[in-house]
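A.B. asks: The structure under discussion is supplied below as structure tokens; questions concerning it will follow.
The values are calculated or read from the model by the stated rules, or taken from the named source; none is laboratory data. Predicted, not measured: the structure shown is a model, and the values here were computed from it. No Cβ is skipped: glycine too gets one built from the backbone with ideal geometry, and neighbour counts run over all protein chains shown.
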Amino acid sequence: MSLSLIAKSIGESATLRLNETAAILRAKGDPVIHLGGGEPKGKAPLDAVLAATSAVASGEIRYTPPDGTPELKKAIIRYTEEFYGFRPAPENVMASGGAKQAIMTALHALIDPQEEVIFPVPYWVSYPDMVKIVGGVPVAVEPEDGSFVPRIQDIEQVVGSYTKLVIINSPNNPSGAVYPEEFIADVVEFCERRGLWLIMDDIYHRLVFDGRKPINPYDYAKDRSENSKLILVNGVSKQYAMTGFRIGWAVGNRKLIEAMTNIQGHETSGPSVLLQHAAVGAINGLQSPVEGLRATLENNRNVLINELRAFEGVTVENPGGTFYSFPDFSNYSKDSVALSEFILDKVQVLTVPGVEFGMEGYLRLSFCGTIKEITEGIERIKWALDPNSPNELYIGERKLVRDWT
Ligand SMILES: Cc1ncc(COP(=O)(O)O)c(C=O)c1O
């Protein structure tokens, strides 16, 4: 088939594929545990549900402006002012079909063929392919000290004449690391000084633990004018447990937002009006669901990390936010795809191979499920990997026999 060169270079999203695998296995009645998920299990906030249902009931379901309804933009402006101390104008805001589409549209608006986009390792699975879709060149930077936390020197070393944009995601998917304030300050200052665009992907914004406060890049931006190249991306998917609603947004300078809006207008005409109503409900409604989710995730994190710390041969950093941990399983296998497949095959636990995030020997384990899923999932993985495990394991009525070494 004569697919385009770009289409041929783009792979399937590993994490979305896993969701599909989990659904297929569950439909077959298999007792699968999904530790590879990327979405909170809880329900969407009532304010969001009520706003969407009353919008459906009105029967008036039409196009909206391609950058979002005035109500949603107002809610995003209020949110930005409340949490970032920066009040954008409506012309600085574009709502989108999830944070993913906001990033994608920014890339379309900024990147010419061969221009480079830098992001630290480990990175969100989609960044490399998103950059390739627009003809750009993804440049993944490994922190020199082997940690999950980059230093500005790491970024500096790979900046060249083709560099156009840096993407920073903190709290980070997949490591759960919250980058230190000094790094955020350094990267904002560095990009301003070098005239580089900077996307701050803040999709896990308020999902931080141990009394941390979300870090605000605007605190370090000297230039808050219409020349600013700082782009803030956020959305309702993770903090409000509204992944299926597909609403995210970008805040940036007017010229960029105008270009992004033109592109989005031609591509999708903007996000659905119903889902925009739901997002307004969530952003303007009671915020207790966000704190409830955050506290549940912190407790889940504690349980998972305790389990992993007692897992001989595995080392893990304590995630400061998100709902992901990124333990090092290289003592068991350096091939994370083979290891993930082995675990799924033997004990029906889904994990995401570290190589999808740019780091071999690691697995991403989520803690957005229930405590039972976390503890049972880790127990099964231990049983599969530890050669001293008992010969048999019961999953409900089902008896598994260890016939491998
Ligand atoms: C780092 C990061 N950015 C963006 C997204 C996309 O968010 P949305 O569901 O709002 O498109 C995700 C989702 O997994 C993510 O992990």
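A.B. asks: Inside region 1-16, can you point out the residues that are within 14 Å of the ligand (Cβ to nearest atom) and surrounded by 14 or more Cβ atoms within 10 Å (Cβ to Cβ)?
C.D. replies: S13, A14, T15
A.B. asks: Hey, can you tell me all the residues within region 299-320 that are closer than 27 Å to E82 by Cα and surrounded by fewer than 17 Cβ atoms within 10 Å (Cβ to Cβ)?
C.D. replies: N299, the sole residue that qualifies.
A.B. asks: Could I ask something else about it? Under the condition of being loosely packed, with under 15 Cβ neighbours inside 10 Å and either over 22 Å from the mean Cα position of the chain (by Cα) or outside any loop (DSSP other than H, G, I, E, B) (or both), which residue from region 32-55 is farthest from the ligand (Cβ to nearest atom)?
C.D. replies: So the residue we want is S54.
A.B. asks: Please enumerate the residues belonging to region 88-135 that are closer than 23 Å to Y218 by Cβ, in contact with a Leu (Cβ under 8 Å, 6 or more places away or on another chain) and touching a residue at least 60 places away in the same chain (Cβ under 8 Å).
C.D. replies: Within region 88-135, A95, A106, A109, L110 qualify.
A.B. asks: Next question, about the same structure. Out of all the residues in region 97-109, which are within 8 Å of the ligand (Cβ to nearest atom) and either buried (at least 22 other Cβ atoms within 10 Å of the Cβ) or aliphatic (A, V, I, L, M) (or both)?
C.D. replies: Across region 97-109, the qualifying residues are G98, A99, Q101, A102, I103.
A.B. asks: Could you please find all residues in region 217-249 being basic (K, R) and more than 9 Å from the ligand (Cβ to nearest atom)?
C.D. replies: K222, R224, K229
A.B. asks: If you don't mind, there's one more thing I want to ask. Answer with yes or no whether P138 is free of Cβ contacts under 8 Å to residues at least 40 places away in the same chain, assigned to a loop (DSSP other than H, G, I, E, B) and not small (G, A, S).
C.D. replies: no
A.B. asks: Tell me, which residue of region 127-139 that is surrounded by fewer than 18 Cβ atoms within 10 Å (Cβ to Cβ) and either within 14 Å of the ligand (Cβ to nearest atom) or within 14 Å of V166 (Cα to Cα) (or both) is farthest from the chain's Cα centre (by Cα)?
C.D. replies: V137
A.B. asks: Additional query: For A278, state whether it is under 23 Å from the mean Cα position of the chain (by Cα) and modelled with pLDDT of 95 or more.
C.D. replies: yes
A.B. asks: Count, please, the residues in region 1-31 that happen to be under 26 Å from L400 (Cβ atoms), without any contact (Cβ under 8 Å) to a residue 60 or more places away in the chain and outside any helix (DSSP H, G or I).
C.D. replies: Total satisfying the criteria: 2.
A.B. asks: Being among the small types (G, A, S) and either under 23 Å from the mean Cα position of the chain (by Cα) or buried (at least 19 other Cβ atoms within 10 Å of the Cβ) (or both) is the filter here, so list the residues in region 176-227 that pass it.
C.D. replies: G176, A177, A185, G211, A221
A.B. asks: Something else: Considering every residue within region 177-193, establish whether at least one is of a type in the set (A, V, I, L, M), within 15 Å of the ligand (Cβ to nearest atom) and not in a loop (DSSP other than H, G, I, E, B).
C.D. replies: For region 177-193, residues of a type in the set (A, V, I, L, M), within 15 Å of the ligand (Cβ to nearest atom) and not in a loop (DSSP other than H, G, I, E, B): absent.
A.B. asks: Run down S340, S272 and say which single residue is of a type in the set (G, A, S) and within 21 Å of the chain's Cα centre (by Cα).
C.D. replies: From the options S340, S272, the qualifying one is S340.
A.B. asks: Which condition number does I199 fail, the rest of (1) part of a loop (DSSP other than H, G, I, E, B); (2) within 16 Å of the ligand (Cβ to nearest atom) being met?
C.D. replies: I199 satisfies all of (1) part of a loop (DSSP other than H, G, I, E, B); (2) within 16 Å of the ligand (Cβ to nearest atom) except (1).
A.B. asks: If you take the residues in region 110-126 that are more than 13 Å from the ligand (Cβ to nearest atom) and in a loop (DSSP other than H, G, I, E, B), which one is nearest to D201 (Cα to Cα)?
C.D. replies: V121
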